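See below for the structure under consideration.
The values are calculated or read from the model by the stated rules, or taken from the named source; none is laboratory data. It should be emphasised that the depicted structure is a prediction, and the values quoted were computed from it without experimental measurement. Glycine also receives a Cβ, built like all others from the backbone with ideal geometry; neighbour counts cover every protein chain displayed.
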Amino acid sequence: MSDASSAPSAVTRAREVRVVDGERPDNDHEDRVPERLLTIPEAARVLAVPESWLRERVRLRRVPHRRLGKHVRFSSTDLEQIVERAAQQVAIRRRSSYRWPHAPYGQQGER
């Protein structure tokens, strides 16, 4: 069995999809290789989510994406933004002065 901590995250997988641009120190951009854009099935696989979930988010315009005519595509930056936006904040639980009754519901103690 593989350890869950050794599995690459979605952001890491998204970065692996990114094509190395081969930029030279003299900043010659003519030889630059364009980044490969991913289709919905490919992006869903990288994000480890159901394809239907991603299609629905695209339909509702809730995730960053590119439209080339009727075709939907994702850049590695789009995938990184999807992961970042999905990050949940840690909720610190506050103590409440209200306490639940110790007796089961409907069986309150006699007064």
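Numbers at a glance
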read-out: Pair list, Cβ < 9 Å and 6+ apart or interchain, from segment 72-93 residues that are in contact (Cβ under 8 Å) with a residue 12 or more places away in the chain to residues that are loosely packed, with under 10 Cβ neighbours inside 10 Å; value: R73/R67
read-out: In segment 63-72, the residues that are surrounded by 12 or more Cβ atoms within 10 Å (Cβ to Cβ) and either more than 14 Å from E42 (Cβ to Cβ) or of a type in the set (A, V, I, L, M, F, W, C) (or both); value: V63, P64, V72
read-out: Segment 40-55, residues that are within 20 Å of A87 (Cβ to Cβ), assigned to a helix (DSSP H, G or I) and either small (G, A, S) or without any contact (Cβ under 8 Å) to a residue 12 or more places away in the chain (or both); value: A43, A44, W53
read-out: Cross-chain or 6+ apart pairs with Cβ under 7 Å, segment 28-39 first and under 16 Å from T77 (Cβ atoms) and surrounded by 10 or more Cβ atoms within 10 Å (Cβ to Cβ), then among the polar types (S, T, N, Q) and at pLDDT 85 or above; value: E35/S75; E35/S76; L37/S75
read-out: Filtered residues of segment 73-95 (kept if outside any helix (DSSP H, G or I) and surrounded by fewer than 17 Cβ atoms within 10 Å (Cβ to Cβ)); value: R73, A87, Q88, Q89, V90, A91, I92, R93, R94, R95
read-out: Test: residue in segment 16-34 that is within 15 Å of E80 (Cα to Cα), part of a helix (DSSP H, G or I) and either hydrophobic (A, V, I, L, M, F, W, C) or at pLDDT below 95 (or both); value: yes
